[in-house]
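Below is one structure; the comments refer to it alone.
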Amino acid sequence: GDSVTQTEGLVTLTEGLPVMLNCTYQTIYSNPFLFWYVQHLNESPRLLLKSFTDNKRTEHQGFHATLHKSSSSFHLQKSSAQLSDSALYYCALISSGSWQLIFGSGTQLTVMP
Amino acid sequence: GPKVLQIPSHQIIDMGQMVTLNCDPVSNHLYFYWYKQILGQQMEFLVNFYNGKVMEKSKLFKDQFSVERPDGSYFTLKIQPTALEDSAVYFCASSSLQGQFYAEQFFGPGTRLTVL
């Protein structure tokens, strides 16, 4: 079945350094939709980015990601981390013809001063 | 932005009892979802509901589970009877018709269910 893999469970870095959170996926469908959700402490998960277009960069709130179907990847990046970026980040997939979001295990990002 | 509310935030019940989890979705949304997250694990899809019907459900949506949304009221997840393995955080989500599969799902804060 479809799956999403986030290899880092915990990422800790210093404010101002670049952020890269890995996300790879598996699906038999050729046109998946990929999402990044962010969940701050005691808040609901909310959408950060989404894409279904191959090799097109999508950006929001300083974060960006590019869907690469050739490598089944949708890594999340930011050029300079801020303290307020500390949160749990989920990569998720919707396959063609489905409504269900398939989530990765999440990456807890902690940004230190 | 749009908010999904969930009531209660915590619920503790004895195994075998019935429980109803309530969700107040975004007002103009038409698609509703439940997800389950066991402590330390990822969120997993349970069910999707539209126009009074279950559209899609996963293998986690056991026969003891049911969903409904009577007109103008909460979207509910009922578990009857509950089992120990039902202990988890249950997230409700809703989305608009626009974009269908691609439409953003707005999540509630979750209800933490503990079955003793």
Is it the case that segment A:66-73 has a residue that's closer than 17 Å to A:Ser105 by Cβ and outside any strand (DSSP E or B)? yes
Is it fair to say B:Leu60 is open to solvent by less than 70 Å² (accessible area, probe 1.4 Å) and outside any strand (DSSP E or B)? yes
In segment A:89-113, which residues are open to solvent by less than 10 Å² (accessible area, probe 1.4 Å), outside any loop (DSSP other than H, G, I, E, B) and within 8 Å of another protein chain (Cβ to nearest Cβ)? A:Tyr90, A:Ile94, A:Phe103
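So how many residues does segment B:19-33 have that are open to solvent by less than 90 Å² (accessible area, probe 1.4 Å) and away from chain A (no Cβ under 14 Å)? Let's see the steps before the verdict.
Initial filter on segment B:19-33 (open to solvent by less than 90 Å² (accessible area, probe 1.4 Å)): B:19-26, B:29-33.
Filter once more, so that each one left must be away from chain A (no Cβ under 14 Å): B:19-22.
Residues flagged as open to solvent by less than 90 Å² (accessible area, probe 1.4 Å) and away from chain A (no Cβ under 14 Å) within segment B:19-33 amount to 4.
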Going through (1) in a loop (DSSP other than H, G, I, E, B); (2) under 15 Å from B:Gln6 (Cα atoms); (3) within 11 Å of chain A (Cβ to nearest Cβ) one by one, B:Ala93 fails only at (1)
Contacts under 8 angstrom Cβ, first residue in segment B:75-88 being farther than 17 Å from B:Gly108 by Cα, partner of a type in the set (D, E, K, R) and open to solvent by less than 20 Å² (accessible area, probe 1.4 Å), 6 or more apart: B:Ile79/B:Asp86
Tell me, please, whether a residue that is in contact (Cβ under 8 Å) with a residue 12 or more places away in the chain, outside any loop (DSSP other than H, G, I, E, B) and over 16 Å from A:Ala92 (Cα atoms) can be found in segment A:42-62. yes
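Confirm whether A:Phe74 is within 14 Å of chain B (Cβ to nearest Cβ) and either of a type in the set (Phe, Trp, Tyr) or over 12 Å from the mean Cα position of the chain (by Cα) (or both). Please lay out each step first, then the result.
On the way: within 14 Å of chain B (Cβ to nearest Cβ): no; either of a type in the set (Phe, Trp, Tyr) or over 12 Å from the mean Cα position of the chain (by Cα) (or both): yes.
The answer is no for A:Phe74.
Does segment B:69-87 include one or more residues that are within 14 Å of another protein chain (Cβ to nearest Cβ) and touching a Phe, Trp or Tyr at 6+ places or on another chain (Cβ under 7 Å)? It would help to see each step written out before you state the result.
Filtering segment B:69-87 for residues within 14 Å of another protein chain (Cβ to nearest Cβ) gives none.
Taking every residue of segment B:69-87 in turn, none turns out to be within 14 Å of another protein chain (Cβ to nearest Cβ) and touching a Phe, Trp or Tyr at 6+ places or on another chain (Cβ under 7 Å).
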Condition met for A:Leu83 (more than 11 Å from chain B (Cβ to nearest Cβ), open to solvent by 10 Å² or more (accessible area, probe 1.4 Å), in contact (Cβ under 8 Å) with a residue 60 or more places away in the chain and of a type in the set (A, V, I, L, M, F, W, C)): yes
Of the residues that make up segment B:61-71, is at least one of a type in the set (S, T, N, Q) and farther than 20 Å from B:Pro25 by Cβ? yes
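How about segment B:5-18: which of its residues are open to solvent by less than 80 Å² (accessible area, probe 1.4 Å) and polar (S, T, N, Q)? Spell out how you get there, then give the answer.
Filtering segment B:5-18 for residues open to solvent by less than 80 Å² (accessible area, probe 1.4 Å) gives B:6-9, B:11, B:13, B:16.
Answer for segment B:5-18, where residues must be open to solvent by less than 80 Å² (accessible area, probe 1.4 Å) and polar (S, T, N, Q): B:Gln6, B:Ser9, B:Gln11.
The values are calculated or read from the model by the stated rules, or taken from the named source; none is laboratory data. On a predicted model such as this, the values are computed, not experimentally measured, just so you know. Heads up, the Cβs are rebuilt from the backbone with ideal geometry, glycines too, and the neighbour counts pull from every protein chain shown. In case anyone asks, the SASA skips ligands and DNA or RNA and just uses the protein heavy atoms, side chains included. Shrake-Rupley method; radii C 1.70, N 1.55, O 1.52, S 1.80 Å.
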